[in-house]
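The values are calculated or read from the model by the stated rules, or taken from the named source; none is laboratory data. Keep in mind the model is a prediction, meaning the values are calculated, not measured. Here Cβ is always computed from backbone atoms with ideal geometry, including for glycine, and neighbour counts include all displayed protein chains.
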Amino acid sequence: MKDLCVILGALSASALGLQVNVEGDVCKFSPWECDEFTDFVDDASGSTDNSGIVSPTKYSIPQQSENRGNSKLVCPSIDQPDLDALEHRAKQGPVKVKHNSVKDRSAKTPKRILLFILMAPYTGSTGLSSFVATSPQLSTLCSAGTWACEGTWILQKRPKSGPLIHGDRWSPDIPKDWNEAVHIYSSIWNMSQSVMMDKSPPNIAKAKNIYDQLKNTGEEVKFIMVTRSPCLKKVADIAHMRMMIQARKDLDDDSLLHLRYEDVIRDPYANASKILDFLPELVSIDPSQYGLEKNV
(Lines give C-alpha, C1' and ligand atoms only; values in the text may rest on other atoms or scores of the structure.)
Protein backbone atom coordinates (compact mmCIF):
# COMPACT_ATOMS: atom_id res chain seq x y z
CA MET A 1 0.00 0.00 0.00
CA LYS A 2 2.93 2.32 0.65
CA ASP A 3 3.91 2.11 -3.04
CA LEU A 4 0.41 3.15 -4.08
CA CYS A 5 0.61 6.30 -1.98
CA VAL A 6 4.11 7.15 -3.18
CA ILE A 7 3.33 6.60 -6.86
CA LEU A 8 0.15 8.60 -6.95
CA GLY A 9 1.00 11.15 -4.27
CA ALA A 10 -2.18 10.74 -2.21
CA LEU A 11 -3.55 14.16 -1.39
CA SER A 12 -3.17 15.57 2.09
CA ALA A 13 -5.81 17.65 3.83
CA SER A 14 -3.57 20.69 3.53
CA ALA A 15 -4.00 20.56 -0.26
CA LEU A 16 -7.69 21.32 -0.01
CA GLY A 17 -9.23 24.77 -0.03
CA LEU A 18 -6.13 26.57 -1.31
CA GLN A 19 -6.55 29.95 -2.95
CA VAL A 20 -4.48 30.56 -6.05
CA ASN A 21 -3.71 33.60 -8.15
CA VAL A 22 -4.20 32.88 -11.84
CA GLU A 23 -3.75 35.44 -14.58
CA GLY A 24 -5.11 35.72 -18.10
CA ASP A 25 -7.76 33.56 -19.67
CA VAL A 26 -7.01 30.21 -18.00
CA CYS A 27 -9.28 29.02 -15.19
CA LYS A 28 -8.88 26.53 -12.39
CA PHE A 29 -9.05 23.28 -14.27
CA SER A 30 -7.03 23.32 -17.48
CA PRO A 31 -7.65 22.52 -20.28
CA TRP A 32 -11.29 23.43 -19.83
CA GLU A 33 -12.09 26.44 -21.93
CA CYS A 34 -12.75 29.70 -20.15
CA ASP A 35 -14.96 32.62 -21.06
CA GLU A 36 -13.95 35.98 -19.61
CA PHE A 37 -12.35 34.20 -16.69
CA THR A 38 -15.61 33.44 -14.87
CA ASP A 39 -16.80 30.23 -16.53
CA PHE A 40 -15.24 26.96 -17.51
CA VAL A 41 -16.45 24.11 -19.68
CA ASP A 42 -15.97 20.57 -18.43
CA ASP A 43 -15.50 18.48 -21.56
CA ALA A 44 -15.42 15.27 -19.50
CA SER A 45 -19.11 15.47 -18.66
CA GLY A 46 -22.29 16.83 -20.14
CA SER A 47 -25.88 16.19 -21.08
CA THR A 48 -27.23 14.42 -24.17
CA ASP A 49 -30.11 15.87 -26.17
CA ASN A 50 -32.69 13.93 -28.20
CA SER A 51 -30.40 13.76 -31.23
CA GLY A 52 -27.62 12.16 -29.21
CA ILE A 53 -25.37 15.23 -29.19
CA VAL A 54 -23.49 15.74 -25.93
CA SER A 55 -23.29 19.32 -24.69
CA PRO A 56 -20.41 19.94 -22.25
CA THR A 57 -21.42 21.07 -18.79
CA LYS A 58 -20.61 24.70 -18.10
CA TYR A 59 -19.95 25.87 -14.56
CA SER A 60 -19.39 29.21 -12.92
CA ILE A 61 -16.25 29.71 -10.90
CA PRO A 62 -17.07 30.95 -7.39
CA GLN A 63 -15.49 34.38 -7.19
CA GLN A 64 -16.14 37.25 -4.83
CA SER A 65 -16.31 40.60 -6.57
CA GLU A 66 -13.56 42.08 -4.41
CA ASN A 67 -11.22 39.34 -5.59
CA ARG A 68 -11.90 39.85 -9.27
CA GLY A 69 -9.11 42.38 -9.69
CA ASN A 70 -6.28 40.10 -8.67
CA SER A 71 -8.02 36.95 -9.94
CA LYS A 72 -7.99 35.12 -6.63
CA LEU A 73 -10.07 31.98 -7.08
CA VAL A 74 -11.85 30.09 -4.33
CA CYS A 75 -11.06 26.45 -4.94
CA PRO A 76 -13.64 23.70 -4.55
CA SER A 77 -13.21 20.89 -2.06
CA ILE A 78 -11.62 17.77 -3.55
CA ASP A 79 -12.46 14.28 -2.38
CA GLN A 80 -9.69 12.43 -0.58
CA PRO A 81 -8.85 8.89 -1.72
CA ASP A 82 -10.27 6.11 0.45
CA LEU A 83 -6.99 4.41 1.33
CA ASP A 84 -8.67 1.47 3.05
CA ALA A 85 -10.75 0.77 -0.05
CA LEU A 86 -7.68 1.11 -2.28
CA GLU A 87 -5.70 -1.28 -0.11
CA HIS A 88 -8.53 -3.80 -0.33
CA ARG A 89 -8.71 -3.42 -4.12
CA ALA A 90 -4.93 -3.75 -4.45
CA LYS A 91 -5.11 -7.24 -2.95
CA GLN A 92 -7.31 -8.31 -5.87
CA GLY A 93 -4.53 -7.75 -8.39
CA PRO A 94 -4.25 -5.64 -11.56
CA VAL A 95 -7.07 -4.22 -13.62
CA LYS A 96 -7.52 -6.28 -16.78
CA VAL A 97 -8.93 -5.31 -20.13
CA LYS A 98 -12.39 -6.44 -21.10
CA HIS A 99 -12.15 -9.42 -23.45
CA ASN A 100 -14.52 -7.86 -25.99
CA SER A 101 -12.34 -4.74 -26.24
CA VAL A 102 -9.33 -6.78 -27.33
CA LYS A 103 -11.40 -8.79 -29.80
CA ASP A 104 -12.97 -5.68 -31.34
CA ARG A 105 -9.58 -4.02 -31.89
CA SER A 106 -7.53 -7.04 -32.95
CA ALA A 107 -8.58 -7.03 -36.60
CA LYS A 108 -7.72 -3.40 -37.24
CA THR A 109 -4.88 -2.69 -34.82
CA PRO A 110 -1.51 -1.94 -36.44
CA LYS A 111 1.73 -3.63 -35.42
CA ARG A 112 2.57 -0.91 -32.91
CA ILE A 113 0.91 2.00 -31.16
CA LEU A 114 2.81 5.15 -30.23
CA LEU A 115 1.59 6.56 -26.91
CA PHE A 116 2.44 10.08 -25.74
CA ILE A 117 1.66 11.23 -22.19
CA LEU A 118 0.62 14.90 -22.15
CA MET A 119 1.20 16.48 -18.74
CA ALA A 120 2.79 19.74 -17.64
CA PRO A 121 6.04 19.54 -15.65
CA TYR A 122 5.77 18.71 -11.96
CA THR A 123 2.12 17.68 -12.16
CA GLY A 124 2.62 13.94 -11.66
CA SER A 125 3.77 12.82 -15.13
CA THR A 126 6.34 10.36 -13.76
CA GLY A 127 3.78 8.82 -11.41
CA LEU A 128 1.17 8.52 -14.16
CA SER A 129 3.73 7.04 -16.57
CA SER A 130 4.79 4.49 -13.97
CA PHE A 131 1.11 3.66 -13.51
CA VAL A 132 0.68 2.96 -17.25
CA ALA A 133 4.07 1.23 -17.50
CA THR A 134 2.86 -1.63 -15.31
CA SER A 135 1.24 -2.96 -18.50
CA PRO A 136 3.01 -6.09 -19.74
CA GLN A 137 2.59 -4.83 -23.32
CA LEU A 138 4.21 -1.39 -22.97
CA SER A 139 7.79 -0.32 -23.65
CA THR A 140 9.39 2.81 -22.19
CA LEU A 141 12.54 4.78 -23.00
CA CYS A 142 14.02 4.12 -19.56
CA SER A 143 16.94 2.03 -20.82
CA ALA A 144 18.46 5.20 -22.31
CA GLY A 145 19.09 6.39 -18.76
CA THR A 146 17.64 9.88 -19.24
CA TRP A 147 15.89 11.91 -16.54
CA ALA A 148 12.52 10.29 -15.72
CA CYS A 149 12.74 8.16 -18.89
CA GLU A 150 11.95 11.21 -21.05
CA GLY A 151 12.61 11.13 -24.78
CA THR A 152 13.25 14.85 -25.08
CA TRP A 153 16.76 14.38 -23.64
CA ILE A 154 17.50 11.57 -26.09
CA LEU A 155 16.68 13.82 -29.04
CA GLN A 156 18.82 16.57 -27.57
CA LYS A 157 21.95 14.52 -26.86
CA ARG A 158 21.92 10.98 -28.25
CA PRO A 159 21.67 10.97 -32.08
CA LYS A 160 25.00 10.23 -33.80
CA SER A 161 23.92 12.37 -36.72
CA GLY A 162 23.48 15.34 -34.41
CA PRO A 163 20.74 16.43 -32.02
CA LEU A 164 17.21 16.85 -33.33
CA ILE A 165 16.50 19.45 -30.66
CA HIS A 166 18.52 22.66 -30.69
CA GLY A 167 17.95 25.54 -28.29
CA ASP A 168 14.48 25.71 -26.78
CA ARG A 169 13.18 22.16 -26.34
CA TRP A 170 9.70 23.63 -25.74
CA SER A 171 9.45 25.01 -29.27
CA PRO A 172 6.37 23.53 -31.01
CA ASP A 173 8.29 23.03 -34.26
CA ILE A 174 11.26 21.13 -32.80
CA PRO A 175 12.05 18.45 -33.83
CA LYS A 176 11.06 19.16 -37.39
CA ASP A 177 10.61 15.48 -38.26
CA TRP A 178 8.78 13.27 -35.74
CA ASN A 179 9.24 10.21 -37.91
CA GLU A 180 12.99 10.62 -37.50
CA ALA A 181 12.47 11.07 -33.75
CA VAL A 182 10.47 7.83 -33.59
CA HIS A 183 13.21 6.09 -35.58
CA ILE A 184 15.70 7.11 -32.89
CA TYR A 185 13.33 6.02 -30.12
CA SER A 186 12.90 2.67 -31.88
CA SER A 187 16.53 1.80 -31.12
CA ILE A 188 15.62 2.06 -27.42
CA TRP A 189 12.04 0.78 -27.23
CA ASN A 190 11.43 -2.95 -27.02
CA MET A 191 9.82 -3.30 -30.41
CA SER A 192 8.30 -6.67 -29.54
CA GLN A 193 5.78 -4.86 -27.37
CA SER A 194 2.45 -3.50 -28.62
CA VAL A 195 2.63 0.02 -27.18
CA MET A 196 5.64 2.39 -27.18
CA MET A 197 5.51 5.30 -24.72
CA ASP A 198 7.14 8.70 -24.34
CA LYS A 199 6.22 10.99 -21.44
CA SER A 200 8.25 14.14 -22.16
CA PRO A 201 6.45 17.24 -20.77
CA PRO A 202 7.53 19.48 -23.73
CA ASN A 203 5.30 17.32 -25.95
CA ILE A 204 2.31 19.33 -24.70
CA ALA A 205 3.59 22.11 -26.99
CA LYS A 206 4.14 19.70 -29.90
CA ALA A 207 1.02 17.51 -29.85
CA LYS A 208 -0.37 18.71 -33.19
CA ASN A 209 2.91 18.15 -35.04
CA ILE A 210 3.38 14.75 -33.42
CA TYR A 211 -0.09 13.66 -34.44
CA ASP A 212 -0.12 15.12 -37.96
CA GLN A 213 3.35 13.95 -39.00
CA LEU A 214 3.12 10.43 -37.61
CA LYS A 215 -0.46 9.91 -38.79
CA ASN A 216 0.53 10.92 -42.29
CA THR A 217 3.02 8.04 -42.44
CA GLY A 218 0.50 5.48 -41.21
CA GLU A 219 1.43 5.32 -37.55
CA GLU A 220 -1.22 4.73 -34.88
CA VAL A 221 -0.81 7.60 -32.42
CA LYS A 222 -2.53 7.92 -29.06
CA PHE A 223 -2.36 10.51 -26.29
CA ILE A 224 -3.26 10.38 -22.62
CA MET A 225 -3.69 13.88 -21.26
CA VAL A 226 -3.85 14.39 -17.51
CA THR A 227 -4.67 17.84 -16.17
CA ARG A 228 -4.19 18.98 -12.60
CA SER A 229 -5.98 21.83 -10.88
CA PRO A 230 -3.74 24.75 -9.91
CA CYS A 231 -5.65 24.61 -6.65
CA LEU A 232 -3.21 21.84 -5.77
CA LYS A 233 -0.12 23.84 -6.64
CA LYS A 234 1.25 26.98 -5.04
CA VAL A 235 2.23 28.34 -8.47
CA ALA A 236 0.03 28.00 -11.55
CA ASP A 237 2.10 27.99 -14.75
CA ILE A 238 -0.12 29.83 -17.19
CA ALA A 239 2.10 29.12 -20.22
CA HIS A 240 1.87 25.36 -19.73
CA MET A 241 -1.88 25.56 -19.11
CA ARG A 242 -2.35 27.34 -22.41
CA MET A 243 -0.31 24.66 -24.19
CA MET A 244 -2.60 22.01 -22.73
CA ILE A 245 -5.69 23.90 -23.84
CA GLN A 246 -4.32 24.16 -27.39
CA ALA A 247 -3.37 20.48 -27.47
CA ARG A 248 -6.90 19.55 -26.40
CA LYS A 249 -8.29 21.58 -29.29
CA ASP A 250 -5.84 20.15 -31.84
CA LEU A 251 -6.40 16.45 -31.14
CA ASP A 252 -9.50 14.49 -32.10
CA ASP A 253 -11.45 12.47 -29.56
CA ASP A 254 -10.41 9.11 -31.01
CA SER A 255 -6.73 9.82 -30.40
CA LEU A 256 -7.01 11.42 -26.96
CA LEU A 257 -8.02 10.30 -23.49
CA HIS A 258 -8.38 13.16 -21.02
CA LEU A 259 -8.17 12.33 -17.31
CA ARG A 260 -8.11 14.56 -14.25
CA TYR A 261 -5.25 14.07 -11.82
CA GLU A 262 -7.62 14.48 -8.90
CA ASP A 263 -9.75 11.60 -10.21
CA VAL A 264 -6.70 9.37 -10.74
CA ILE A 265 -5.61 10.00 -7.16
CA ARG A 266 -9.08 9.39 -5.75
CA ASP A 267 -9.68 6.14 -7.61
CA PRO A 268 -6.68 4.84 -9.61
CA TYR A 269 -8.41 1.54 -10.36
CA ALA A 270 -11.43 3.15 -12.01
CA ASN A 271 -9.08 5.29 -14.08
CA ALA A 272 -6.99 2.28 -15.02
CA SER A 273 -10.20 0.83 -16.48
CA LYS A 274 -10.72 4.01 -18.51
CA ILE A 275 -7.19 3.75 -19.88
CA LEU A 276 -7.71 0.11 -20.83
CA ASP A 277 -11.02 0.94 -22.55
CA PHE A 278 -9.15 3.58 -24.54
CA LEU A 279 -6.11 1.41 -25.23
CA PRO A 280 -6.98 -2.28 -24.74
CA GLU A 281 -3.64 -3.31 -26.21
CA LEU A 282 -2.14 -2.54 -22.80
CA VAL A 283 -3.96 -5.69 -21.52
CA SER A 284 -3.61 -4.85 -17.80
CA ILE A 285 -2.54 -2.09 -15.39
CA ASP A 286 -1.60 -2.47 -11.73
CA PRO A 287 -1.83 0.84 -9.79
CA SER A 288 -0.22 -0.77 -6.73
CA GLN A 289 3.10 -1.29 -8.53
CA TYR A 290 5.89 0.96 -9.82
CA GLY A 291 6.23 0.40 -13.53
CA LEU A 292 9.21 2.51 -14.56
CA GLU A 293 12.69 1.10 -14.28
CA LYS A 294 14.72 2.24 -11.30
CA ASN A 295 16.99 4.53 -13.32
CA VAL A 296 14.35 7.29 -13.12
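Computed quantities for the displayed model
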read-out	value
Residue that is modelled with the lowest pLDDT, among those in segment 134-145 that are farther than 19 Å from Asp286 by Cβ and part of a loop (DSSP other than H, G, I, E, B)	Gly145
Every residue from segment 113-128 that is small (Gly, Ala, Ser) and assigned to a loop (DSSP other than H, G, I, E, B)	Ala120, Gly124
Of residues in segment 245-281 being of a type in the set (S, T, N, Q) and in contact with a helix residue (DSSP H, G or I) (Cβ under 9 Å, 6 or more places away or on another chain), the one farthest from His88 (Cα to Cα)	Gln246
Conditions (1) touching a Ser or Thr at 6+ places or on another chain (Cβ under 7 Å); (2) crowded, with 21+ Cβ neighbours inside 10 Å: number failed by Arg248	(1)
Yes/no for Val182 being of a type in the set (A, V, I, L, M), assigned to a helix (DSSP H, G or I), out of contact with any Gly (no Cβ under 7 Å at 6 or more places or on another chain) and closer than 22 Å to Gly124 by Cα	no
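Residues are listed down the side, and each one gets a yes or a no for (1) within 22 Å of the chain's Cα centre (by Cα); (2) at pLDDT below 90; (3) over 27 Å from Pro280 (Cβ atoms):
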site: Lys91; (1), (2), (3): no, no, no
site: Ala107; (1), (2), (3): no, yes, no
site: Phe116; (1), (2), (3): yes, no, no
site: Val132; (1), (2), (3): yes, no, no
site: Trp147; (1), (2), (3): yes, yes, yes
site: Gln156; (1), (2), (3): no, yes, yes
